[in-house]
Amino acid sequence: MTRDETLLYLSSAAVASACRDLDPVAVVASALVVHARGETVLPDESYLAWEAEPGSSARSIGMAAHLGGAEPAAGVKVINANPANVARGLPRASGLTLLFDPDTARPLCVMEGARLSALRTAAVTALSIELLAKRRVERLAVIGAGALAEAHLDLLVPRLRDLRELRLHDLAPERAEDLRARHGAEMPEVRIELTSSPEEAIRGADVVVPVTTAEVGYIRFAWLAPGALLVNVSLDDVLPEVVLRVDKLFVDDWRLVSTDRRRLLGKMARAGLVAGPDSSGTRSRRVDGELGELLVGTKERRSSDSETVLVNPFGLAVADVAMAAEVYRVARRQALGLELDR
């Protein structure tokens with residue numbers, strides 16, 4: 001049976017194997033450059049939410065994208081979640097990524113998506129640190145100790161050569177302890193401290209990464225040390241005062257961030273408190289730029305190690321699809337996955 005007659009399926013294990021043969025930060029950076037050059041199609045995400053069993057809510061998000069440039073790619077990521085899954089002994093989030101042939105639009109591959117989504121998110125954080133952290137990052141604070149925190153530690157710790165202290169906080173202390181136990185032996189030169197509160201973890205940290213399911217803000221500006229970088233990948237962890245008072249504010253795509261009705265920055269934009277990077281004649285707090293603009297050099301990075309910086313990335317399907325396309329290429333080279341009849 002020819003490849004045109006089959007569809008490749010990549011399990012979580014196959015995706016993990018392929019990811020070991022690629023640089024996720026480089027893949028995400030390349031995708032953001034293509035996006036900054038206007039060579040992508042990025043529609044609004046679809047958001048489906050419903051009430052599951054009593055006291056439980058579920059949601060499904062569909063994120064589609066097309067990338068042009070030297071290596072065109074197209075696809076859709078579907079990521080589902082229910083916080084109650086944790087009590088069931090299941091991961092909170094799960095999903096699938098579908099990759100299409102950019103010329104024929106025929107589906108090429110279906111791959112497990114949650115692992116890839118977490119790695120993409122961690123890669124955005126790592127890229128933000130490369131672009132916007134101060135020169136020496138010695139103290140890292142991670143708020144939350146779930147699968148996303150694990151993906152961040154796996155990717156960030158080897159890249160932060162000056163790291164001396166890692167502070168972890170989770171509402172479930174045993175989860176933070178488990179994370180410390182799994183990673184402690186891998187980083188003997190780094191002191192891992194479990195804190196009793198988010199404030200204790202954040203004060204004095206050079207980089208702060210909240211990876212939680214919080215829907216109500218709690219991080220105060222006063223907790224941030226001068227020069228700190230806060231990469232707000234959870235989106236709702238910071239209070240509005242942080243957005244308004246940081247020295248620099250960056251996003252990954254202002255249009256998507258500003259039109260979102262559920263997350264903090266979108267709400268602040270609709271209230272007239274935050275404006276886009278190219279807005280003029282406004283008293284609102286302006287976004288300083290997008291990550292892709294930093295990569296192509298059309299926006300300026302931090303100007304000193306004393307500036308406090310907030311990155312509030314929405315999470316772009318162009319990065320997910322770029323990652324999926326690279327995983328697919330590696331899988332084909334390594335003969336990974338299962339061929340399914342169409």
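Please indicate, with yes or no, whether at least one residue in the range 92-103 is at pLDDT below 95 and of a type in the set (Ser, Thr, Tyr).
Within the range 92-103, one or more residues are at pLDDT below 95 and of a type in the set (Ser, Thr, Tyr).
Is the range 278-287 home to any residue that is in contact with a helix residue (DSSP H, G or I) (Cβ under 8 Å, 6 or more places away or on another chain) and over 29 Å from Leu140 (Cα atoms)?
Within the range 278-287, the first condition is being in contact with a helix residue (DSSP H, G or I) (Cβ under 8 Å, 6 or more places away or on another chain), and the residues that meet it are 285, 287.
Then keep just the ones that are over 29 Å from Leu140 (Cα atoms); that gives none.
No, that holds for no residue.
Just the residues that are more than 16 Å from Pro210 (Cβ to Cβ) and surrounded by 22 or more Cβ atoms within 10 Å (Cβ to Cβ), please, taken from the range 116-131.
Going through the range 116-131, the residues more than 16 Å from Pro210 (Cβ to Cβ) turn out to be 116-117, 119-120, 123, 127, 130-131.
Correct list: Leu116, Ser117, Leu119, Arg120, Ala123, Leu127.
Could you tell me whether Ser117 is closer than 30 Å to Leu160 by Cα and either of a type outside the set (Phe, Trp, Tyr) or more than 18 Å from the chain's Cα centre (by Cα) (or both)?
Working: closer than 30 Å to Leu160 by Cα: yes; either of a type outside the set (Phe, Trp, Tyr) or more than 18 Å from the chain's Cα centre (by Cα) (or both): yes.
Yes; evaluated as a whole, the condition is true for this residue.
Please state which one of Pro54, Pro102, Pro91 is assigned to a loop (DSSP other than H, G, I, E, B), of a type outside the set (S, T, N, Q) and in contact with a His (Cβ under 9 Å, 6 or more places away or on another chain).
On the way: Pro54 fails: in contact with a His (Cβ under 9 Å, 6 or more places away or on another chain); Pro91 fails: in contact with a His (Cβ under 9 Å, 6 or more places away or on another chain).
Only one candidate qualifies: Pro102.
Being surrounded by fewer than 17 Cβ atoms within 10 Å (Cβ to Cβ) and within 29 Å of Val34 (Cα to Cα) is the filter here, so list the residues in the range 205-253 that pass it.
Of everything in the range 205-253, just one residue is surrounded by fewer than 17 Cβ atoms within 10 Å (Cβ to Cβ) and within 29 Å of Val34 (Cα to Cα), namely Asp247.
Out of all the residues in the range 309-321, which are among the small types (Gly, Ala, Ser) and closer than 11 Å to Lys77 by Cα? Don't jump to the end; show me each part of the working.
Pass one, the range 309-321, residues among the small types (Gly, Ala, Ser): 315, 317, 319.
If the condition is that a residue be among the small types (Gly, Ala, Ser) and closer than 11 Å to Lys77 by Cα, then Ala317, Ala319 are the ones that fit.
Can you run down the residue pairs with Cβ atoms below 8 Å, 6 or more apart or on separate chains, where the first is in the range 259-277 and at pLDDT below 90 and the partner is among the basic types (Lys, Arg) and in a helix (DSSP H, G or I)?
Arg261/Lys267; Arg261/Arg270
Give me a count of the residues in the range 109-158 that are of a type in the set (D, E, K, R), out of contact with any helix residue (DSSP H, G or I) (no Cβ under 6 Å at 6 or more places or on another chain) and either not in a strand (DSSP E or B) or not assigned by TED's automatic domain parsing to the domain that holds Asp178 (or both). Give the steps one after another, and end with the answer.
The initial filter retains those residues of the range 109-158 that are of a type in the set (D, E, K, R), namely 112, 115, 120, 130, 134-136, 138-139, 150, 154.
Next, from what is left, pick out any that are out of contact with any helix residue (DSSP H, G or I) (no Cβ under 6 Å at 6 or more places or on another chain): 130, 134-136, 138-139, 150, 154.
From the residues that got through so far, the ones that are either not in a strand (DSSP E or B) or not assigned by TED's automatic domain parsing to the domain that holds Asp178 (or both) too are 130, 134-136, 138, 150, 154.
Within the range 109-158, residues that are of a type in the set (D, E, K, R), out of contact with any helix residue (DSSP H, G or I) (no Cβ under 6 Å at 6 or more places or on another chain) and either not in a strand (DSSP E or B) or not assigned by TED's automatic domain parsing to the domain that holds Asp178 (or both) number 7.
Considering only the range 46-62, I want to know if a residue exists there that is in the same structural domain as Ala331 (by TED's automatic domain parsing), farther than 26 Å from Arg332 by Cα, in contact (Cβ under 8 Å) with a residue 24 or more places away in the chain and not small (Gly, Ala, Ser).
Within the range 46-62, the first condition is being in the same structural domain as Ala331 (by TED's automatic domain parsing), and the residues that meet it are 46-62.
Imposing the further condition that a residue be farther than 26 Å from Arg332 by Cα reduces the set to 46-61.
Filter once more, so that each one left must be in contact (Cβ under 8 Å) with a residue 24 or more places away in the chain: 47, 52-53, 55-58.
Filter once more, keeping what is not small (Gly, Ala, Ser): 47, 53.
Yes, that holds for at least one residue.
Would you please name the residue that is farthest from Arg159 (Cα to Cα), looking only at residues in the range 26-47 that are surrounded by fewer than 19 Cβ atoms within 10 Å (Cβ to Cβ) and out of contact with any strand residue (DSSP E or B) (no Cβ under 8 Å at 6 or more places or on another chain)?
Of everything passing the filter in the range 26-47, Asp44 is farthest from Arg159 (Cα to Cα).
The values are calculated or read from the model by the stated rules, or taken from the named source; none is laboratory data. Predicted model, so just to flag it, every value in this text is computed and none were measured. Here Cβ is always computed from backbone atoms with ideal geometry, including for glycine, and neighbour counts include all displayed protein chains.
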